[in-house]
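The values are calculated or read from the model by the stated rules, or taken from the named source; none is laboratory data. All values reported here derive from a predicted model rather than from experimental measurement. No Cβ is skipped: glycine too gets one built from the backbone with ideal geometry, and neighbour counts run over all protein chains shown.
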Amino acid sequence: MTIAPTLHRYLAAENIQYVEIPHVFTMSSARTAQACHVSGDRFAKAVVLRHDGGYMLAIVPASHRLNLPDLKEKLGADLVMANETEINRLFADCAHGAVDDSIRAQPEIYIEAGDHETLLHLTHAQFERLTASAPHGRFSTHG
């Protein structure tokens with residue numbers, strides 16, 4: 001398998017250049033980063049959240065944990081983590097979310113391609129283009 005079709009169409013529509021990196025099957029961002037010898041600080045992990053009756057993504061480094069109280073302070077109290085059923089049902093329709101500043105500071109970014117076997121490598125500039133309209137701030141903690 002390769003990059004998820006929805007993600008591929010979105011990146012193509014936004015004219016985002018990337019490199020596909022195949023890897024062994026993994027089930028977590030941390031394991032994918034290990035398998036690809038990529039620093040967890042440079043690996044973008046998406047957390048799906050329920051916000052104001054809709055959904056959004058919070059992007060944090062794989063080496064960090066989402067600090068939900070900090071993000072609630074930034075975006076409002078109506079914010080909870082989505083459950084697995086919601087994620088499976090709604091992921092393709094998620095709106096732009098929020099991006100933690102610690103991942104935005106990295107010179108290059110890696111993201112999952114949607115199949116547990118492919119990683120995408122983006123330059124800092126390409127990642128910034130993808131996340132330009134998303135709110136950003138510090139809402140994760142290392143570890």
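Here are some notes:
- Cβ pairs under 7 Å, 6+ apart, first in region 20-38 and under 9 Å from LEU119 (Cβ atoms), second exposed (fewer than 12 other Cβ atoms within 10 Å of the Cβ): ALA35/VAL24
- Filter result for VAL38 (β-branched (Val, Ile, Thr), over 12 Å from PRO135 (Cβ atoms), crowded, with 21+ Cβ neighbours inside 10 Å and at pLDDT 90 or above): no
- Filter pass, LYS74 being of a type outside the set (Val, Ile, Thr), surrounded by 18 or more Cβ atoms within 10 Å (Cβ to Cβ), under 24 Å from GLY137 (Cα atoms) and in contact with a Pro (Cβ under 8 Å, 6 or more places away or on another chain): no
- Counting only strands (runs of 3 or more DSSP E) that sit completely within region 1-94, those holding 3 or more residues that are of a type in the set (A, V, I, L, M, F, W, C) correspond to 43-51, 54-61, 79-81.
- Every residue from region 97-142 that is part of a loop (DSSP other than H, G, I, E, B), of a type outside the set (Asp, Glu) and surrounded by 15 or more Cβ atoms within 10 Å (Cβ to Cβ): GLN106, ALA113, GLY114, HIS116, ALA134, PRO135, PHE139
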